[in-house]
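Student: Encoded as structure tokens, here's the structure I'll be asking about.
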Amino acid sequence: MLDHGFSANAAVGRLEDLPRARLVNGITPLEAMPNLSRVCGGARLYVKRDDAMGFAFGGNKVRQLEFYLGEALNLNSDTILITGAVQSNFVRLAAAAANKLGMECHIQLEERVPKEDDYYRHSGNVFLDQLLGATLHSYPEGEDEVGADLRLGEIAQELSDKGKNPYVIPLGPGHAPLGALGYVIAAQELLNQIKEYDLSFDQVIVPSGSGNTHGGLLFGLRALGSELKVRGICIRRNTEIQFPRIRRRCEDIATLLQVKNMVADHDVILDDQFLAPGYGLMSSATVEGILWGARYEALMLDPTYSGKAMSACIEYARKSDPDSSILFWHTGGTPGLFAYQNDLSREFAKQSQDRI
Ligand SMILES: *Cc1c(COP(=O)(O)O)cnc(C)c1O
């Protein structure tokens with residue numbers, strides 16, 4: 001597979017020595033969003049297309065999986081175990097990566113979102129998990145990361161007893177943040193593109209969930225000497241809870257790479273005003289983000305992550321002066337759209353009467 005153009009750099013310590021399974025083929029596009037910039041009437045808008053990876057519908061988890069799967073291959077594992085929400089993109093991509101690397105995959109789906117309709121339960125990522133042939137398990141509690149990890153450990157033990165060599169991708173904090181390394185590399189990729197296209201940005205907008213994307217990107221930028229502002233849009237927890245999580249994530253990356261953590265407290269910028277009504281649930285601003293992304297820039301955004309980050313991007317674009325530039329990081333999630341088809345069709349009809 002193609003090289004990422006990542007050069008040996010003391011600032012990122014051991015990164016080059018850690019095992020990595022190549023899943024992202026090349027770099028992702030960085031594109032202008034002229035139509036959306038015009039309708040927002042403020043900052044110039046650009047998009048980093050991590051949805052456009054060409055691997056099983058792409059998304060940020062492909063970058064993150066490269067390091068988990070690298071370690072799994074190193075340990076001669078034959079089975080990947082992972083836990084996530086019913087419409088998790090992470091588990092879908094883990095199943096895809098496992099297939100590509102000749103492994104089996106066990107997925108544990110947690111009850112994290114109070115949605116019972118058929119589309120949510122069976123379409124989108126769930127449908128793809130089944131298409132990919134993963135073994136599905138369920139876990140009744142969606143807010144219990146430690147419990148979900150423990151249950152996954154039990155399944156791993158059962159597989160070991162049967163002679164398998166399982167590799168668990170952990171959910172909760174307290175584990176080496178291998179996934180975040182994918183975004184340390186993405187920081188270098190972005191800096192290369194900024195240089196190549198002669199661009200400058202006032203801020204990057206990215207969803208902030210587990211913190212591997214937000215923390216990894218921020219860590220990478222600061223390690224590589226860039227002061228570019230990264231704004232994390234909370235999609236699961238409020239700012240108060242997310243802030244220490246991102247700080248801790250950056251500390252853990254520094255420990256893993258054996259370099260100094262260059263991320264200061266004031267670098268951790270979070271906004272939770274787009275989170276309501278909660279994880280995996282849409283507000284009218286989320287619907288607007290999804291609708292405008294599609295209608296002005298042909299971007300497919302999802303209700304849980306990229307749609308919420310887009311609604312933030314629209315708000316910040318409107319408030320910013322025309323000399324400024326904002327980079328929206330599209331983290332993918334495309335299949336999630338189909339899980340919300342019911343809600344969205346209804347909302348689109350309403351919104352198109354109001355606004356378009
Ligand atoms: C998981 C996910 C996120 C959140 O990324 P984290 O690294 O967990 O913070 C954002 N967007 C999409 C599409 C995701 O699947």
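Student: Going highest first, how would you order 256-269, 232-245 by mean Cβ packing within 10 Å?
Tutor: 232-245, 256-269
Student: Let me ask something additional. Which percent, nearest 5, of DSSP beta bridges in the chain are antiparallel?
Tutor: On the way: 3 of 37 bridges.
Taking every DSSP beta bridge with both residues in the chain, the antiparallel ones total about 10 percent.
Student: Which pairs, out of Lys48/Lys229; Lys100/Lys195; Lys115/Lys319, put more than 22 Å between their alpha-carbon atoms?
Tutor: Working: Lys48/Lys229 15 Å; Lys100/Lys195 33 Å; Lys115/Lys319 34 Å.
In this structure, Lys100/Lys195; Lys115/Lys319 exceed 22 Å between Cα atoms.
Student: Lys308: which aspartates and glutamates have alpha carbons under 13 Å from its alpha carbon, excluding same-chain residues fewer than 8 sequence positions away?
Tutor: In chain and number order, the partners are Asp271, Asp272, Glu288.
Student: Still on this structure, please answer the following. If you average the C-alpha positions of region 273-304 and of region 57-73 separately, how far apart do those two centres end up, in angstrom?
Tutor: 25
Student: Taking a probe of 1.4 Å, how large is the accessible area per residue of the chain, in Å²?
Tutor: 40
Student: Now a separate question. Packing-wise, with mean Cβ within 10 Å as the measure, how do 55-68, 272-285 rank, highest first?
Tutor: Ranked by mean Cβ neighbours within 10 Å, highest first: 55-68, 272-285.
Student: Okay, next question. Taking the Cα centre of region 80-136 as origin, sum charge times position over the Cβ atoms of Lys and Arg (+1) and Asp and Glu (-1), and report the length of that vector in debye to the nearest 20.
Tutor: Values: 5 positive and 7 negative charges, 43 e Å.
Dipole about the Cα centre, nearest 20: 200 debye.
Student: To continue, here is another question. Give the Debye-formula value of log10 I(q)/I(0) at each listed q (0.10, 0.11, 0.21 Å⁻¹), with one equal scatterer per alpha carbon of region 60-169, two decimals each.
Tutor: -0.26, -0.32, -1.14
Student: Continuing with the same structure: At a 10 angstrom cut-off on C-beta neighbours, averaged per residue, how do the peptides 195-202, 91-98 rank from highest to lowest? Let's see the in-between values first.
Tutor: Working: 195-202: 11.6, 91-98: 28.2.
So the peptides 195-202, 91-98, ranked by packing, come out 91-98, 195-202.
Student: Still on this model: Using the Cα centre of the chain as the reference point, and only Cβ charges (+1 on K/R, -1 on D/E), how large is the resulting charge dipole? Debye, rounded to the nearest 20. Please list the in-between numbers first.
Tutor: Numbers: 35 positive and 45 negative charges, 108 e Å.
Its charge dipole is roughly 520 debye.
Student: Mind checking the log10 I(q)/I(0) for region 141-248 at q = 0.13, 0.17, 0.19, 0.20 Å⁻¹? Debye, one equal scatterer per Cα, no solvent, two decimals.
Tutor: -0.61, -0.86, -0.98, -1.04
The values are calculated or read from the model by the stated rules, or taken from the named source; none is laboratory data. Remember, predicted model here, so these are calculated numbers, not experimental data. Cβ sites come from the backbone with ideal geometry, for glycine too, and all protein chains shown count toward neighbours. Remember, those area values only see protein heavy atoms, side chains included, never the ligands or the DNA or RNA. Shrake-Rupley method; radii C 1.70, N 1.55, O 1.52, S 1.80 Å.
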